[in-house]
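Report on one structure; see the data block that follows.
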Amino acid sequence: MRIRKNLWFVICIAVTMLPAVLFAELKMPGIFKDDMILQRDKSVPVWGWTDADAAVTVEFAGQKKTTKAGSDGKWMVRLDAMKASSEPQVMTITSSIGNQKLEIKNILIGDIWICSGQSNMAMTVNGCKDAREEIGKSPNPLIRQFAVDRRPSLEPEADCKGKWDAANTNTTGGFTAVGYFFAREIQKKLKIPVAFLNTSWGGTPAEAWTSKEALMAVAELKEPMEKQISDFISYPQNFAKFKTDLTAWEEKYGRKDTCTAGLSNAFADVSANTADWKKMTVPGLIVKAGFKSGGIIWLRKEVEIPADWKGRRLIVEFPRISDFVTAYFNGTKVGAVDVNTEPGRNQFFFPVPNKIVQPGKATVTVRIHASNGYCGISGDPKAIRLAFNQNESLPLDGEWLCKAETEFQPLPQGADQRPIPPPKRDLPHTAAGLFNGMINPIIPYAFTGALWYQGESNAGRAYQYRKLFQVMITDWRTRWGLGDFPFYFCQLANFMNKVDVPEDNNWAELREAQTMALALPNTGQANLIDIGEAADIHPRDKQEVGRRLALIAFANIHGEKNLEYYGPVYESMKIDGGKIIIKFSHANGLVAQELPATFKPKSAEPKELPLIKYSPNSQLQGFTICGEDHKWEWADAKIDGNIVVVSSDKVQKPVAVRYAWTANPTCNLYNKEGLPAYPFRTDDFPGITVNNK
């Protein structure tokens with residue numbers, strides 16, 4: 001009886017203590033952390049989570065704001081607008097339930113910019129030109145970055161993880177280079193704290209950064225974006241079906257891989273007798289070596305490893321191998337591509353452990369499971385190599401030896417096609433995936449404006465980008481509720497090989513689509529047509545990118561009304577006999593900048609190539625002209641005051657002009673402030689991406 005009474009007493013004590021224990025944790029979003037910067041001169045939302053109906057008080061900079069949490073525990077207060085301050089301050093947040101208290105320290109007040117986009121925004125200071133010098137002179141506690149952790153999501157997230165850092169020699173190297181150099185220009189002139197919210201992810205399309213609701217509300221975007229999401233959701237079951245179908249097909253037509261480990265080791269052995277092996281040129285198809293119907297085919301090649309490569313970690317690289325492949329280095333398996341890794345793959349990298357790399361002769365061997373004779377190694381010969389790094393490699397193209405482990409019988413007439421894997425789509429490249437995980441969680445954090453560097457991943461759908469990009473900008477503005485906040489973006493830089501003849505180009509069409517977004521209020525575009533690199537999609541001169549974006553900000557929101565912030569912009573055209581006269585805005589003093597005799601395809605490498613002028617006798621390069629036949633010719637173009645006169649002996653009755661209308665144009669029209677003219681065209685002929693969705 002006494003035991004029962006004591007147990008009842010313990011239960012009663014525990015029950016009376018429950019209200020003190022079972023309250024919800026007072027929690028702030030991941031962006032509210034020590035070292036943060038709050039936006040000046042605007043109402044500042046501060047929000048978080050606690051118990052339903054709890055009273056929450058926020059104290060900061062002499063202000064005290066109290067609110068009541070909703071039934072879901074979420075609460076928000078708005079601090080009154082504050083002046084910029086570089087004096088570190090503390091924010092205190094308390095909840096009435098559980099007497100909980102949080103403190104956020106070392107907070108400054110200044111300007112905040114969102115920095116978003118793909119790899120050219122994600123590119124860090126470590127990767128830009130003069131990186132070591134830039135990092136060495138970087139310490140400045142008034143410049144800070146909040147890096148949003150990369151996390152895609154199928155549904156909108158309420159919070160994110162991330163980290164605030166002040167610029168110093170230990171942190172600046174990891175900052176977005178565009179954001180950092182822009183912030184440095186702003187901070188240097190305004191003398192206030194400046195922060196950027198780095199929410200970027202390489203290789204991602206614009207639709208991934210746009211909300212599902214905004215995409216679905218636009219008729220021409222709804223169907224293709226729904227398909228993206230559907231492809232992602234259904235991929236696991238579609239891929240499972242593909243594997244089942246492939247296994248059945250291989251069994252039906254005698255194409256199963258029945259090899260044993262022992263047999264593979266015998267073929268891969270560096271000491272194997274190759275007297276009866278055939279010769280084959282790589283890149284090439286196995287049918288050319290006599291294997292007309294496919295099979296299990298072995299290829300091998302000897303290379304000479306330099307003495308100073310001893311103990312280095314190498315990579316065996318191929319642009320493309322079909323169907324499935326296992327790779328060996330000196331008889332050791334270094335990687336494989338099978339049914340689980342093949343779909344969506346467009347490059348084959350097999351790492352070689354450093355412990356097996358020795359000077360002297362080495363053998364690279366690949367085993368290809370080929371469903372037919374039209375399988376093999378394909379692609380750019382220069383990309384078939386054994387590499388230590390980007391600049392040091394041994395070529396693997398050319399002559400190889402080959403032998404069949406098994407040859408397949410010809411497929412019967414009318415045989416089923418080999419099953420095709422479903423299109424692989426991952427969430428970072430799916431509509432709304434990054435908006436949900438990396439944009440929605442930082443709404444409604446107050447800021448000045450947004451910087452955007454993206455478009456490469458949408459170049460194949462440039463016409464679609466005309467609508468998509470503007471939908472994304474409008475979507476962000478609607479959701480933040482800050483009105484038409486400044487949205488400044490980078491036009492795609494020059495990239496890829498230079499062309500000999502004028503041609504339609506998807507990068508040119510994407511630049512045009514970007515320019516069309518200037519129809520939205522309070523937008524700006526930095527022209528990068530002269531700072532790109534032919535052999536590097538990531539130009540290293542991010543200092544100039546930041547400077548040109550800062551010029552737009554100074555001229556449009558910081559009161560420098562007389563500052564020239566654009567290069568010449570096409571305004572109008574007039575046909576005058578056999579000539580077309582082009583008028584520009586931002587053209588106070590047009591200049592034909594002298595072009596160098598050579599250029600570097602990649603700034604990080606010493607190699608130089610001659611710079612060929614399209615029209616050797618013309619003052620200006622990069623102009624083309626056409627007649628009613630729409631056949632484009634390189635044009636002669638010259639400056640006449642604030643206009644440019646364009647003509648060609650090959651076009652007697654011109655109808656249209658284009659400028660810098662290639663992926664990597666040679667062009668030299670500037671204004672006297674040294675800013676390049678923007679690419680343009682005067683025609684509206686259908687482009688090559690018009691039907692791409």
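Quick notes on this structure:
- Links that overshoot a 25 Å alpha carbon limit, given the list Lys613/Lys650; Lys42/Lys561; Lys83/Lys542; Lys137/Lys189; Lys288/Lys607; Lys33/Lys191: Lys83/Lys542; Lys288/Lys607
- Charge dipole (the chain, unit charges on Cβ, about Cα centre) - positive-most of Ala52, Ile582, Trp661: Ala52
- Dipole of region 291-366 [Lys/Arg +1, Asp/Glu -1 at C-beta], most positive-end residue of Pro306, Val334, Phe324: Pro306
- Listed values [x] 48, 42, 25; [y] 46, 27, 25; [z] 54, 41, 18, entry calculated as semi-axes √(5λ) of the Cα gyration tensor in Å: [x]
- Highest mean packing first, where packing is the average number of other Cβ atoms within 10 Å per residue, the peptides 620-627, 169-176, 663-670 line up as 620-627, 663-670, 169-176.
- Largest-first principal axis extents of the Cα set of region 292-407 (Å): 43, 28, 23
- Summed side-chain charge close to Thr260 - residues other than Thr260 whose Cβ falls under 15 Å, Lys, Arg +1, Asp, Glu -1: 0
- Panel note: the C-alpha atoms of region 277-357, placed on their principal axes, show extents of 42, 30, 19 Å (largest first).
- Basic side chains Lys and Arg get +1 at the Cβ, acidic Asp and Glu get -1 at the Cβ, and with that the dipole of the chain about its Cα centre reaches some 1560 debye.
- Taking the average, over residues, of other Cβ atoms within 10 Å as the packing measure, peptides 595-606, 480-491 rank 480-491, 595-606 from highest down.
Coordinate-derived values only; no laboratory data. Keep in mind it's a predicted model, so treat the numbers as computed, not measured. Reconstructed Cβ throughout: ideal geometry from the backbone, glycine too, with neighbour counts over all protein chains shown.
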